[in-house]
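Have a look at the structure below before the remarks.
The values are calculated or read from the model by the stated rules, or taken from the named source; none is laboratory data. Keep in mind the model is a prediction, meaning the values are calculated, not measured. Because the Cβ atoms are built from the backbone with ideal geometry, glycine has one as well, and the counts that use them run over all protein chains shown.
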Amino acid sequence: MTNHLDTINNVYAAFGRGDIPAVLSVLAANASWTEAEGFPYGGTYIGADAVLQNVFMKIGGEWDGYTARPNEIIANGDIVIALGDYSGTYKATGKYFKAPFVHVWRFAGDKVTTFTQHTDTALVLRAMS
């Protein structure tokens, strides 16, 4: 049986080193990825390519030093919850932000079927204006 806690720890480590293919590799083919309403990339994207194009490529192009660092990760069966902080500097304004997040990861077997982001979107948008 897959250890979902280890999988998600590895996802954040991969994100931290910029290994986006490793992050996307944990997603099921039809995984649903939801960025919070009001977040610059808000919406629900289906599949790894949609997440790459609508989230990760935009973050990489628009932000310097963008991070998603978990402070605590909790696993319960097929659900993993990460509590942490985003931070980064928006290239167009030069403004830095730091905002808390909660990520909810749901698994079927060894693949993530849904990801849901919760964050303080106002802090992110303030850096963008």
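So is residue 49 part of a strand (DSSP E or B) and charged (D, E, K, R) or not?
For residue 49, the condition - part of a strand (DSSP E or B) and charged (D, E, K, R) - is not met.
Assess whether residue 93 counts as being outside any loop (DSSP other than H, G, I, E, B) and either under 16 Å from residue 127 (Cα atoms) or in contact (Cβ under 8 Å) with a residue 24 or more places away in the chain (or both).
no
Any residue in region 6-33 that's over 13 Å from residue 113 (Cα atoms) and modelled with pLDDT under 95: show its pairings with residues that are among the hydroxyl-bearing types (Ser, Thr, Tyr) and surrounded by 14 or more Cβ atoms within 10 Å (Cβ to Cβ) at Cβ separation under 7 Å, as long as the two are six or more apart or on different chains.
Close Cβ pairs satisfying both conditions: 16/67.
From the list 67, 34, 44, pick out the single residue that is among the hydroxyl-bearing types (Ser, Thr, Tyr) and under 19 Å from residue 4 (Cβ atoms).
34
Hey, could you check region 8-45 for residues that are under 15 Å from residue 108 (Cβ atoms), outside any loop (DSSP other than H, G, I, E, B) and not polar (S, T, N, Q) and say which is farthest from the chain's Cα centre (by Cα)?
29
Take the conditions without any contact (Cβ under 8 Å) to a residue 24 or more places away in the chain and not hydrophobic (A, V, I, L, M, F, W, C) and apply them to residue 120. Does it pass?
So residue 120 passes the test.
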